[in-house]
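Worksheet for the structure shown next.
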Amino acid sequence: MSARPERLASPRIDFQGGGAFYDELKARVAQHLADGGRVRRAQVRMYLKSATVFIWFAASWALLMFAPVTWWQAGLLSVSLGLALAGLAFNITHDANHGSYSPSRRLNRAMCFSMDFLGASSYVWRTKHNVVHHTYTNIAGADSDIDSMPFARLAPEQPLRSMHRFQHFYLWVLYGLFAIKWHTTGDFGYLIEGRVAETPIRWPRGGQLIGFWAGKAVFLSWALVIPILFHPFWTVAVVFGIASFVLALTLAVTFQLAHCLEEAEFPSAQEMSGAERTEWARHQVETTVDFAPRNPLLAWYLGGLNFQIEHHLFSRVCHTHYPAVAPIVREVCARHGVRYQAHRTLRSALASHARWLRQMGRRETAGVPVPTRAASG
Ligand SMILES: [Zn+2]
């Protein structure tokens, strides 16, 4: 059994300086984005999507609150509410907190608050996601997104426990429960501990502290307090439970399909602190996998998160550009010998994730490098 990587005492993770690969990527994508008409059309698409997912959320919530619905209609509306919340997270929250929602800084900042509206602090998210996950992608001990111990072993560096033999069955249920952590202890845990994985975080101050508590109050109001004024507590609890489960399952599976698959690399902290370490852009491409790039419905709903290679390279570019940027990235990767991988369908990405979970639950993979497979596409 391998030992858990040391936390704060682990070697300093670093990347090789930027090379010709990243320079060419940046130049080609900048050339693509130099077309003003193209940029304006992508921005209009973004605002239309935002309005659509917000109306979807508001309609689901209002029907649950005020329409005389039967129990099965309430069940379907709860699922719809959960999917609409995930749509808000994918299409508005994620981009806004990366600073890529709008060229207007004020609008961008306002939209960051959508994270607090969903029940998790945007202040904590920017450290956890933008800094920790986007910098230390797939490095055990440094990327908190792959740390779900003791329940899940997602990377070869993590210690194996006997329950992991069954993780490819039970994790799908646990994925649906993670939003409860968001809604209760998640933010407070990181702030009290003062770090996310190895990255320090301190309590918000001034306006950010007001935003933190205002966000908690707004979320509790629409999700629990107002519904309890009109409906029995137990029906509110059931609707909240279903919506929260659907939201969490949709988010967790989408993010797992980008990084926790057979094709993704999982470099260790030791490797990333030695002479063999890779450059940042190569690291981002080789620890990430795209899926279903030609599925227009998924490309619309997932807010570009099925194009995570492009997102990891250009997180400050609005996601409505990713389908057009992907062929450019693929071509530059091929020229520089960087492994660009994409599953053609959602189904094949799901199957690869399930196989990876099964592989990580086996004793023979503890402490030994796991060979990767090439994805289709
Ligand atoms: Zn991101």
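Annotations
- Residue match in the stretch 94-103 (condition: modelled with pLDDT of 85 or more and more than 16 Å from the ligand (Cβ to nearest atom)): yes
- All positions within the stretch 275-314 that are out of contact with any strand residue (DSSP E or B) (no Cβ under 6 Å at 6 or more places or on another chain), crowded, with 19+ Cβ neighbours inside 10 Å and of a type in the set (D, E, K, R): ARG282, GLU286, GLU310
- Which listed residue is hydrophobic (A, V, I, L, M, F, W, C), within 16 Å of the ligand (Cβ to nearest atom) and either over 30 Å from PHE66 (Cα atoms) or outside any loop (DSSP other than H, G, I, E, B) (or both), from VAL173, VAL132: VAL132
Residue by residue, here is whether (1) hydrophobic (A, V, I, L, M, F, W, C); (2) within 13 Å of the chain's Cα centre (by Cα); (3) assigned to a helix (DSSP H, G or I) holds:
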position	(1), (2), (3)
ALA269	yes, no, no
MET272	yes, no, yes
ALA281	yes, no, yes
GLN284	no, no, yes
THR288	no, yes, no
ARG294	no, no, no
ALA299	yes, no, yes
GLY303	no, yes, no
ILE309	yes, yes, yes
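- Restricting the first member to the stretch 299-320 and to residues that are of a type outside the set (A, V, I, L, M, F, W, C) and away from the ligand (no atom under 11 Å from the Cβ), and the second to residues that are open to solvent by 20 Å² or more (accessible area, probe 1.4 Å) and not in a loop (DSSP other than H, G, I, E, B), the beta-carbon pairs closer than 7 Å and six or more apart or on different chains are ASN306/LEU298; ASN306/ALA299; THR320/ARG45.
- Here the condition is being among the small types (Gly, Ala, Ser), assigned to a helix (DSSP H, G or I) and in contact with a Ser or Thr (Cβ under 7 Å, 6 or more places away or on another chain); of ALA89, ALA96, ALA110, it holds for ALA96 alone.
- In the set (1) at pLDDT below 90; (2) within 16 Å of the chain's Cα centre (by Cα); (3) open to solvent by less than 50 Å² (accessible area, probe 1.4 Å); (4) away from the ligand (no atom under 16 Å from the Cβ), the condition left unmet by ALA155 is number (2).
- Note on the stretch 136-152: residues that are open to solvent by 40 Å² or more (accessible area, probe 1.4 Å) and within 16 Å of the ligand (Cβ to nearest atom) total 2.
- Residues of the stretch 126-180 satisfying the condition of being more than 14 Å from ARG362 (Cβ to Cβ) and of a type in the set (Lys, Arg): ARG126, LYS128
The values are calculated or read from the model by the stated rules, or taken from the named source; none is laboratory data. None of these values were measured; they are calculated from a predicted model. Cβ atoms come from the backbone with ideal geometry, glycine included; neighbour counts cover every protein chain shown. The accessibility values were calculated without ligands, DNA or RNA, using every heavy atom of the protein model including side chains. Shrake-Rupley method; radii C 1.70, N 1.55, O 1.52, S 1.80 Å.
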